[in-house]
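Shown next, in structure tokens, is the structure this report addresses.
The values are calculated or read from the model by the stated rules, or taken from the named source; none is laboratory data. All values derive from a computational prediction rather than experimental measurement. Using ideal geometry, Cβ is built from the backbone for each residue, glycine included, and neighbour counts are taken over all protein chains shown. Keep in mind that these areas ignore ligands, DNA and RNA; they rest on the heavy atoms of the full protein, side chains included. Shrake-Rupley method; radii C 1.70, N 1.55, O 1.52, S 1.80 Å.
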Amino acid sequence: MGFVTIFMVMFCLMITSYSSTGYDPLDPNGNITIRWDILQTNPNDYEALVTIYNYQLYRHIEWPPGWSLSWEWPDKEVINHIAGAEAKEQGVCNQTLGGQIPHCCLKNPVIIDLRPGAPYNKQVTNCCKGGVLSSMMQDPSNAVAMFQMNIGNNRGSTFKFKLPRRFRFGSPGYTCGDPESVYPPTKFADDGGRRWTSAIKTWKVTCTFSQFHASCTPTCCVSLSAFYDPTIVSCPVCSCGCHDQPGSKCLKPGKLPPILKEQKDPDKGPPLIVTCTRHMCPVHVHWHVKESYREYWRLKITISNLDVYKNYSQWNLAVKHPNLKSVAQVFSFNYQSLNQTGPFNDTGLFWGVRYYNDMLLKLGPDGNVQTELILRKDKGDFTFSDGWVFPRRVYFNGHECVMPPPVQFPRLPTERTQDDH
């Protein structure tokens, strides 16, 4: 247990070096931006349109639990009506004077997306996806969510508009800053773009992701192998935990998983139970150097889901490797470079083909996806020596995976012979 504790502390310190501040070296400008537009004001209420943009290249919001958004009202505000989303709780509204009972009277409302198929009179543009927000690179058309509210107060008297404070984006790992005024306010197209209207006032809130804030425990690991070395380098022991750690749950091979109890909250995911392994990670990535040709080399990547209950929809894999600037062909996965315009085109994003392998199923015979790549051997850079053909960093669904140390990477026969002497 001493070694495990030290390993976990070292991992947390490593990712804290850049993650606790919300800075992602693979996506330095990535964030969740919340835009709050005032569309109309009246003596006792106003209309607000809230838009959530996922400006992250490869990190998406999946269900469960899906996105949620909360804030603190500065005064006695209530949500009279909402379309495109709903408040998780109504709260006690008996202090409201007359009229229709508000949709939500809480000081800190929690707003969640509507599910697909919601009634038309409750929908707005870009709503009703069950809280799913795609990444900008995978599906930019589904990287935005919207809802509209009528906001009043529970005094029955005139009040001055005050912007909410202490915004929170409910997905794990996100921290939101203070609202900032935007000028000029948002413009909206009308009459097919022939006329443009403007919001009365616009604010924005920026939320950034930190893996350290999301979880101090890793969620994936990487193993390595190559055609020139019979050794398979496994994931480091206890990469994501150990059997004897308090609260650790795993399913031994051949055993049936426990029956799931009905969840009181349908947006809450099932408990984490993985198959018992030495690394105890829910997701295992294997990198295999398969073949060498005269001008190219071939690579196989396999992603295995070892979670007993959870499926991963719209999964993605981000990889940092210097030879990704010379990808010749990718089979059965979508692929795109993450930094096409930067000086170092060494990071790429893989994700599944829609309706074919974009869902990584839970533990079982079909609980894996795989691809093969052909890469050009760049003169002056390419070598099989010193583990050069193995990745520098690997991320699954935006979480960095635990890699074996470089001294354990598969080696050429000549390197192994030198070590023997």
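Once both labels are positioned 7 Å from their Cα atoms along Cα-to-Cβ, the gap between GLU295 and GLN100 label points is 6.9 nm.
Over all pairs of different C-alpha atoms in the range 205-317, the reciprocal of the mean inverse distance, the Kirkwood hydrodynamic radius, equals 16.7 Å. A straight line joining the Cα centroids of the range 326-390 and the range 159-230 runs 27 Å.
Available extension along the chain between SER198 and ASN311 is 36.4 nm, counting 0.36 nm per residue and deducting the alpha carbon span. Each of the peptides 305-312, 294-301 was scored by the mean count of other Cβ atoms within 10 Å over its residues; in descending order, highest first, they stand as 305-312, 294-301.
The chymotrypsin sites (Phe, Trp or Tyr not before Pro) found in the range 207-251 that occupy coil by DSSP, while having at most 14 further C-beta atoms within 10 Å, are PHE227. Taking every alpha-carbon pair within the range 351-394, the share separated by more than 11 Å comes to 77 percent. Helical runs (DSSP H, four residues minimum) scored at -39500 (n - 2.57) apiece and divided by the length of the chain put the mean residue ellipticity at 222 nm at -2000 deg cm²/dmol.
Packing, taken as the mean count of other beta carbons within 10 Å per residue, orders the peptides 67-78, 160-171, 376-387 from highest to lowest as 67-78, 160-171, 376-387. Rg and Dmax of the range 271-370, based on Cα coordinates, read 15.1, 49 Å.
One compactness figure for the range 25-175 is 1.08, namely its Cα radius of gyration divided by 2.2 N^0.38 Å.
Computed from the Kirkwood radius of its Cα pairs, the Stokes-Einstein diffusion coefficient for the range 180-266 at 4 °C and 1.567 mPa s stands at 64 µm²/s. For a Förster distance of 45 Å, can you work out the FRET efficiency between the beta-carbons of ASP178 and ASP386, rounded to the nearest 0.05? So the FRET efficiency works out to roughly 0.40. Compared with the dominant principal axis of the Cα atoms in the chain, helix 2-19 is inclined by about 60°. For the range 53-135, the alpha carbon positions stretch 47, 29, 19 Å along the principal axes, listed from largest to smallest.
Sorted from greatest to least, the principal axis extents spanned by the alpha carbons of the range 299-419 come out as 46, 36, 23 Å. Ranked by the mean number of other Cβ atoms within 10 Å per residue, highest first, peptides 235-246, 181-192 order as 235-246, 181-192. Over all pairs of different C-alpha atoms in the range 100-210, the reciprocal of the mean inverse distance, the Kirkwood hydrodynamic radius, equals 17.0 Å. Which percent of the accessible heavy-atom area of the chain goes to carbon and sulfur, probe 1.4 angstrom? The C+S portion of the solvent-accessible surface of the chain is 53 percent. Using a 7 Å offset from Cα along Cα-Cβ at GLN90, what residues in the range 255-276 end up with backbone N under 19 Å from the label point? Residues 265-266 fall inside that zone. Put simply, the amide H of VAL402, placed in the peptide plane, has neighbours under 5 Å in CYS220, CYS221, VAL222, leaving out anything fewer than 5 places away on its chain. When the convex hull of its Cα atoms is viewed from all sides, the chain shows a mean projected area of 25.9 nm². Principal axis extents of the Cα atoms in the range 43-101, from largest to smallest and rounded to whole angstrom, are 48, 25, 21. For TRP63, TRP36, the ranking by accessible surface with the largest value first comes to TRP63, TRP36, using a 1.4 Å probe. Summary value for the chain: 15 percent relative contact order, contacts being C-alpha pairs under 8 angstrom separated by 6+ residues.
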